[in-house]
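Novice: Take a look at this one; I'll ask things after.
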Amino acid sequence: MYTLDSFLDSISSKNPGEDEFYQAVKEVTEVVIPFLNEQGRFKDSNILERITEPERMFIFRVNWVADDGSIQTNRGYRVQFNSALGPYKGGLRFHPSVNLSILKFLGFEQIFKNALTGLSLGGGKGGSNFNPKGKSDAEIMRFCQAFMDELYRHIGPETDIPAGDIGVGTREIGYLFGRYKKIQNQFNGVLTGKGIIWGGSQLRTEATGYGLVYFVNEMLKKNNDKIKGKRVMVSGSGNVAQYAIEKLLDLDAILVSASDSSGGIYIPDGMTKEHFSYLMQLKNKKRGRIHEMADKFSGISFLENTSVWEIETDCDIALPCATQNELNEKHAKNLINQGLKLVAEGANMPSTNEAIDVFLEEKVLFAPGKAANAGGVAVSGLEMAQNSQRISWTRDEVDERLITIMNSIHQQCEKYGQDSDGYINYVKGANLAGFIKVADAMLAQGLV
Ligand code: NDP
Ligand code: 2IT
């Protein structure tokens, strides 16, 4: 028999100071402990101790030379968390805040997210405390090469397949892939998120944002509702936010916010296609700051150092797409007062546990990241499948598969999370459905 408090105490004493990892474990174990205690097959299996311990972790030094000739040293990581369902799979994050706790939380979440996709994918995550902001293209390349000089020995198309995350997009994947190919003398599917002409999949760039909106569509459909005309708040303006916004505009939603780490923008009448194409240029070509949207367009205001979740405006749907713990209890209560009915996490763990409690108590439809943002890794899995067969599917084929996968994740959440009154508790559904698959595979494979 497990008790939540004593299990969580053991997690904090084994992993001191790892607050984000503790938070991610808490969210999963709150849901699975009652289930585990009822299931004879897990008796005496030590399954929770096993599943919360990474199979392997690497921490390494990364030396590189800046444009001014100075020598720079960063720390690199790869957490290979669980391979019960397939090779380790998960992104790389380059951000100054990166530490072991953050990568363990991300790797832990990834295990269950990947299980929900139904593809053969284990869970992992990696990255570095390298700060890409303000770096020249040549510096980014030298850093990526130095990072791969160590990482290459731990990864491979049948072992561990990294991809992008915060600070890592097609440009970085290109430099990482080029160096891997040079060292190993092999052109293979060791990384996903590659450019279309050199082994990438159609729609991988768009997949997380599009998948998020497909999932929201399913949530609304269950309530005989649709996206058209809804007031939607998005945070972030990176890969996930951009393609969520694009799909929302296609579906005639009224998109009222976006942000970056310097603050938020508020667009009371909703973002237009003209605003959106400027945002794409600004963020992807110029690598500029979000306040430039307000400088350019009169209908947009910039709120410096302010979270979008503090904006006072009517809001039906909130899609946090920036980073962990950006949406707290106070934000949750404000949003509910402003009419909020649905939250779906584009980012990983953007809502604090206290915010989630508020959403669930108030019966807001709340989809955690491991369900709602699984579209990215799902299309990464499809990229791996195409690479193995040395073929490429069309955009329509990939889109169709992505929709099927997001719908199937919704069905799993419904199966395991629907209460007697019909309300779907997506936190319960996603965590139970993902956990059961991984735990059963671990039991079947014995003590390894
Ligand atoms: P990007 O680097 O493309 O964009 C990140 C965005 O979030 C930027 O607008 C950035 O602002 C903002 N941001 C990042 N860190 C902070 C911070 N500490 N405080 C405030 N704002 C911040 O990353 P992605 O869009 O790829 O990732 C966003 C989220 O989605 C992350 O949680 C990631 O783990 C998750 N995710 C990503 C997937 C993918 O396929 N890329 C798949 C599934 C989940 P600024 O530019 O100023 O730093
Ligand atoms: O958090 C995530 O799911 C990702 N960053 C994508 C991982 C992947 O392997 O595509």
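Novice: For residue 153 paired with residue 39, estimate the spin-label separation in nm (one decimal), with each label point 7 Å from Cα along the Cα-to-Cβ line.
Specialist: Distance between the two pseudo-spin positions: 3.8 nm.
Novice: Just rank 128, 392, 13, fewest to most, by other beta-carbon atoms within 10 angstrom.
Specialist: Placing the least packed residue first, the sequence is 13, 392, 128.
Novice: Let me ask you something else. Which of 422, 372, 408 sits closest to the plus end of the dipole of the stretch 353-429, meaning its Cα is farthest towards the positive end, when Lys and Arg get +1 and Asp and Glu get -1 on the C-beta?
Specialist: In the stretch 353-429, that residue is 408.
Novice: Of 309, 64, 198, which is the most mobile in a GNM of the chain whose springs link Cα atoms less than 10 angstrom apart?
Specialist: Of 309, 64, 198, the most mobile in the Gaussian network model is 198.
Novice: Sticking with this one: Longer than 31 Å from Cα to Cα, which of 226/415; 133/182; 133/363; 113/133; 181/428; 113/341 are they? Say none if no pair is.
Specialist: As for pairs spanning more than 31 Å Cα to Cα, those are 133/363; 181/428.
Novice: Which order do 301, 83, 6, 97 fall in if you start with the one that has the fewest other Cβ atoms within 10 Å?
Specialist: Exposure proxy ranking, most exposed first: 6, 97, 301, 83.
Novice: While we're looking at this one, here's another question. In a shell of Cβ-Cβ distance under 14 Å around residue 58, excluding residue 58 itself, what net charge do Lys and Arg (+1) and Asp and Glu (-1) give?
Specialist: Spelling it out: positives minus negatives among the neighbours equals +3.
Novice: Another question, if that's okay. Express the relative contact order of the chain as a whole percentage, based on alpha carbon pairs under 8 Å and six or more residues apart in sequence.
Specialist: 15 percent
Novice: If you add up the charges near residue 116, with Lys and Arg at +1 and Asp and Glu at -1, over every other residue whose beta carbon is less than 15 angstrom from its beta carbon, what do you get?
Specialist: Once all neighbours under 15 Å are counted, the net charge is +1.
Novice: Rounded, prolate or oblate: which fits the stretch 357-448, taking a ≥ b ≥ c as square roots of the Cα gyration tensor eigenvalues, rounded meaning a/c under 1.5, else prolate when a/b beats b/c?
Specialist: Because a/c hits 1.5 or more and a/b fails to exceed b/c, the stretch 357-448 counts as oblate.
Novice: Something else now. Taking all pairs of different Cα atoms in the stretch 406-448, averaging 1/r and flipping that mean, what Kirkwood radius in angstroms comes out?
Specialist: Over the stretch 406-448, the inverse of the mean reciprocal pair distance is 11.0 Å.
Novice: Under a straight-distance cross-link criterion of Cα-Cα below 12 Å, which aspartates and glutamates are reachable from residue 370, leaving out those fewer than 8 residues away in the same chain?
Specialist: Those aspartates and glutamates meeting the cut-off are 27, 109, 345.
Novice: Here's another thing I want to ask about it. Quantify how much of the Cα-Cα distance distribution of the stretch 230-353 extends past 25 Å, in percent.
Specialist: Of all Cα-Cα distances in the stretch 230-353, 13 percent exceed 25 Å.
Novice: Could you work out which residue, out of 19, 316, 67, moves most in a Gaussian network model of the chain, that is, has the largest mean-square fluctuation with Cα springs under 10 Å?
Specialist: Ranking 19, 316, 67 by mean-square fluctuation puts 67 first.
Novice: On to the next question. Based on the alpha-carbon set only, what is the convex hull volume of the stretch 281-399 divided per residue, in Å³?
Specialist: 158 Å³
Novice: Sum up the charges of everything whose Cβ sits under 9 Å from the Cβ of residue 76, counting Lys and Arg as +1 and Asp and Glu as -1, but leave residue 76 out.
Specialist: Around residue 76, the surrounding residues sum to +2.
Novice: Here is a follow-up. If eta is 1.002 mPa s and T is 20 °C, what Stokes-Einstein diffusion coefficient results for the stretch 178-252, Kirkwood Rh from Cα pairs, in µm²/s?
Specialist: For these conditions, the coefficient is 147 µm²/s.
Novice: With 10 Å bins from zero, work out the P(r) of the stretch 65-176 over every alpha carbon pair and list the percent per bin.
Specialist: Per 10 Å bin, starting at 0, the Cα pair percentages come out as 15, 46, 29, 8, 1.
Novice: So what are the radius of gyration and Dmax for the Cα set of the stretch 49-106, in Å?
Specialist: 14.4, 48
Novice: Hand me the trypsin sites (Lys or Arg not before Pro) from the stretch 262-338 located in a DSSP loop with no more than 12 other Cβ atoms within 10 Å, in residue order please.
Specialist: Those that pass, being in a loop and sparsely packed, are 286, 287.
Novice: Using the alpha-carbon centroid of each, what span in Å lies between the stretch 278-295 and the stretch 187-262?
Specialist: When both Cα centres are located, 18 Å separates them.
Novice: With the convex hull built on the Cα atoms of the stretch 1-86, state its orientation-averaged projected area in nm².
Specialist: The number I arrive at for the stretch 1-86 is 8.0 nm².
Novice: I've got another one for you. Report the residue, chosen from 126, 69, 200, that carries the largest GNM mean-square fluctuation when the chain is represented by alpha-carbon nodes joined by springs under 10 Å.
Specialist: 69
Novice: Express the relative contact order of the stretch 205-266 as a whole percentage, based on alpha carbon pairs under 8 Å and six or more residues apart in sequence.
Specialist: Relative contact order here is 37 percent.
Novice: Determine how many Å³ per residue the convex hull of the Cα atoms of the chain encloses.
Specialist: 140 Å³
None of the figures in this text is laboratory data; all of them are computed from the coordinates on show. Since we're looking at a predicted model, the values are computed, not measured. We place every Cβ from the backbone using ideal geometry, glycine too, and count neighbours over all the protein chains shown.
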